[in-house]
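Inspection log for the structure reproduced underneath, given as structure tokens.
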Amino acid sequence: MSPRTELKSFSKQCHNGQMFVKIFLETICFTEVLVKYLIISFLLPTLSYAHICGSLLKKNLILHQNLDCSHIVGNNSAITIDRAGVTINGNGYKIIAPQADTVIRVLKNHATIKNVDLTGNGTGRGIEVFNAENVDIQNNIINSRAIGVDVYMDQTCGKTSIDHNEIRRSSNIGIRINAAACSHAYHIHGNDLSETNGYAVYLKAKKIHIDGSKGNRIDHSLNGLFLSGKKVVVKNLNFSPADILETPLFISQSKKVVVDNVTVSSSHPGIGLHIYDAKKVYLNRVFSFGHDTGIKI
């Protein structure tokens, strides 16, 4: 018998079976019902969350307290979205899974993950999107993971939107998108990727076009952007305020590279702009100061 059914039955007994009892006994019965209701109401969130960790999520999830999935370890995810259109709304609460390979894995289209704290201890992935289209990741805190958001697409090219998240202090990569066959598989806007101990953004796609920072911050990260695609265009970017420790912009394995109105200056040694294995390179108004090597091709 569920807690709510048991409570309903208990209440019915009081009102139907004890009407002849004196008023003070009715008061005692009402008090017992009220106390039992309060206890059950307190326990219900815990009871309803208990089965979620390690499961396939097929309906919307709204958190009203932290969800402790600390027992999920190794190559497992704390939560796997396995039905299209599912939303996880964290309401600012945490999903605690420090030993899981991935906290939230998305396998189906049109998923939304918002307002949830997935902070870790420098290991695992906060969110993984695997061959799922039109996924929205917004207003989350995904600090101190190996990879904050990891997107892989080889069977689909639907857009993943990653907006206004705090993804600081990633030990490897802040945001990684591996969609080699896709041209427009991403929308990255307004994220704080500061202090990444690797590349703040790793982007591999068929065509890459970056015009301005789009409000993304990569301050004091070890490296800035890693870009790889058949055609890569980077325009109107100034890395100077970010003060990247090694290489602000690295472009690899491209048939055509265009870099226009980009400043890659820093107060640290390293390489300002590094282009590797590119057939055609067009540079216009590229400024580099403070590095051991300004531009390397």
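Quick note: the coordinates plus some simple rules give every number you see, no bench work behind them. Here the structure is a predicted model, which means the values were calculated and not measured. Ideal geometry is used to build each Cβ from the backbone, glycine not excepted, and the neighbour counts take in all protein chains shown.
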Summing +1 for each Lys or Arg and -1 for each Asp or Glu, what net charge is found among the other residues whose Cβ lies under 12 Å from the Cβ of T156? 0
Cα Rg, Dmax (largest Cα-Cα span) when computed across the stretch 101-179, Å: 11.3, 32
Using the scaling law 2.2 N^0.38 Å as the reference, what is the normalised Cα Rg of the stretch 166-251? 0.99
Positive end of the charge dipole of the stretch 47-196 (Lys, Arg +1 and Asp, Glu -1 on Cβ, about the Cα centre): tell me which of I147, I177, S70 has its Cα farthest that way. S70
When each of K108/K256; K59/K214; K108/K204; K108/K255 is checked by Cα-Cα distance, pairs over 24 Å: K108/K256; K59/K214; K108/K255
Estimated inter-spin distance, I62 and N91, nm [label 7 Å along Cα→Cβ]: 0.7 nm
The stretch 102-198: antiparallel bridges as % of DSSP beta bridges, rounded to 5, reads 0 percent
